[in-house]
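Each remark here refers to the structure printed beneath this line.
None of the figures in this text is laboratory data; all of them are computed from the coordinates on show. Please read these numbers as outputs of a predicted model, since none were measured by experiment. Every residue, glycine among them, receives a Cβ derived from its backbone with ideal geometry; neighbour counts consider all protein chains shown.
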């Protein structure tokens with residue numbers, strides 16, 4: 001019985017070592033549509049990955065901007081950010097839907113390694129004709145010297161014809177800089193496993209001493 005307890009405890013401890021360093025691998029792309037009177041933005045990204053990214057890691061944010069305006073005109077696109085976590089972005093535009101990482105018609109680079117201002121102001125990045133559809137792609141990452149627990153609210157805005165719509169990064173609109181730390185649920189589960197394993201080893205040691213007596 002003691003040997004069996006010891007084997008189970010060892011397995012639990014090994015499981016802890018195997019589980020704790022691993023971040024969730026399952027990608028969960030969230031798609032959100034924001035519709036104004038004339039303008040529309042469809043946003044898609046894996047915000048669960050974004051919430052756990054550390055310095056140098058990036059998340060891809062795709063947005064489709066379109067207009068159904070009564071007259072021809074121009075739609076202005078902008079990005080705003082506010083917070084304490086430094087955010088760096090590469091911004092590209094495609095005239096047709098992205099095919100994986102490729103724009104068949106040739107992507108237009110709007111920003112490269114751009115340190116997004118975090119003063120809350122809307123920074124213009126491009127303008128589009130109302131009769132076109134813009135396929136905007138942001139590769140966003142946490143900048144250097146990000147402090148654990150810091151976060152920055154990032155939004156993409158479209159404005160035209162007296163209409164304005166905006167969409168944020170995830171439901172809360174913010175990108176936290178966690179420094180690649182292990183998500184809290186895994187820490188909690190791992191802690192329970194460690195306690196259970198330690199308890200079993202104590203019981204095994206006590207029974208061994210009693211047997212020796």
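Based on Cα contacts under 8 Å between residues 6+ apart, region 28-179 shows a relative contact order of 34 percent.
Work out, in µm²/s and without decimals, the Stokes-Einstein translational diffusion coefficient of region 28-179 at 20 °C, 1.002 mPa s, Rh from Kirkwood over C-alpha pairs. For the chosen part, D equals 138 µm²/s.
Highest mean packing comes first when the peptides 91-104, 61-74 are listed by Cβ atoms within 10 Å, giving 61-74, 91-104. The residues 43, 121, when put in order of fewest to most other Cβ atoms within 10 Å, stand as 121, 43.
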